[in-house]
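Working notes, beginning with the structure itself.
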Amino acid sequence: MNKQIQILYIHGGGTFKNNEEYIEYLKTKEIKIEETERWSDEYFDKKLLKKFKMIKPKMPCKENAKYEEWKIQFERYLEKMDQDLVLIGTSLGGIFLAKYLSENKLNKNIISTYLIAPPFDAKSVNEEEVFGGFELKDNLEKIEENCKKVVFMFSKNDNVVNISAKTGYQEKLKKSKFIEFKDKNGHFRISKFPEIIEMLKEDYKNFK
């Protein structure tokens, strides 16, 4: 049996301009007691468990995230990962990976990187702005230098990260692939994600 390829998956989160805004958010946010079925859980295991192993670190204080804290956590996990791996980031996790990959030189072989609905700047976010040190610098070229394959995915009906984020990244990155879906239940709140499953299967086939 071939060895599984590790995936380091960085989840989403929120950022706030100051603590007062964060406290107000905690007082007014919608509370849901139903469990959310995500494509990255049982669905992923059912489709790709024999080929990939997904590692999903719990990033620090995800609802009021700070880039420097996430960077520490990410690097501690990264150093324990295999030499060959895949990166996936969703929402805030996507802009985190974009920022980290654009500012650091990795000593790992990044087979592919998938950035799902990552914000680009404050204008690309509908419900809140980008704070906490997650703001991108002007030069993003190192993203493509660090990764053999980079794929950005956006949904046209996303009510959190609007489609202008796609344009922002496209203007900076010429080798990356950009996919725009008509409908992924808004901000990729989906229980099944066959498109990324097929892309990962292709990664596995090409790598092996």
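Any read-out appearing in this document is the output of simple, stated calculations on the displayed coordinates, not a laboratory observation. The structure presented is a predicted model; accordingly, all values stated were derived computationally and were not measured. When we count neighbours, we look across all protein chains shown, and the Cβ atoms used for this are built from the backbone with ideal geometry, even at glycine.
Key figures
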{"item": "Inter-label distance, nm, simple model (7 Å from Cα along the C-beta direction), Lys148/Leu26", "result": "4.5 nm"}
{"item": "DSSP-defined beta bridges in the chain - what % are antiparallel, rounded to 5", "result": "5 percent"}
{"item": "Per-pair calculated FRET efficiency, R0 = 41 Å: Lys175 and Lys80 via Cβ, rounded to 0.05", "result": "0.90"}
{"item": "Gain on full stretching of the segment that runs from Lys201 to Gln73 - 0.36 nm per residue minus C-alpha separation", "result": "43.3 nm"}
{"item": "Entry for semi-axes √(5λ) of the Cα gyration tensor in Å (calculated from the structure that is shown) out of [x] 30, 18, 17; [y] 69, 22, 13; [z] 26, 20, 18", "result": "[z]"}
{"item": "Phi-based couplings in Hz for region 45-56 (Karplus 6.51, -1.76, 1.60; Gly and Pro marked x)", "result": "4, 5, 8, 9, 4, 6, 9, 10, 10, 8, 9, 10"}
{"item": "Formal net charge of residues neighbouring Ser112 (Cβ-Cβ distance under 11 Å; K, R +1; D, E -1)", "result": "0"}
{"item": "Computed [θ] at 222 nm, helices only, for the chain once each DSSP H run of length n ≥ 4 contributes -39500 (n - 2.57)", "result": "-10000 deg cm²/dmol"}
{"item": "Positive minus negative residues near Asp41 (Lys, Arg vs Asp, Glu; Cβ under 15 Å)", "result": "+3"}
{"item": "Neighbourhood charge, 11 Å Cβ-Cβ cut-off, centred on Lys156 and excluding it, Lys, Arg +1 and Asp, Glu -1", "result": "0"}
{"item": "The chain, relative contact order in percent, only Cα pairs under 8 angstrom and at least six apart counted", "result": "23 percent"}
{"item": "Stretch gain in nm, segment Glu37-Leu49, where the contour uses 0.36 nm per residue and the Cα spacing is subtracted", "result": "2.6 nm"}
{"item": "Pairwise centroid distance, computed over Cα atoms, of region 126-148 with region 1-64, Å", "result": "19 Å"}
{"item": "Under the span-like rule (Cα at least 15 Å along the axis, Kyte-Doolittle mean at least 0.0), DSSP H helices of the chain", "result": "92-103"}
{"item": "Efficiency of FRET between Asn109 and Asn185 - r from beta-carbon atoms, R0 45 angstrom, step 0.05", "result": "0.85"}
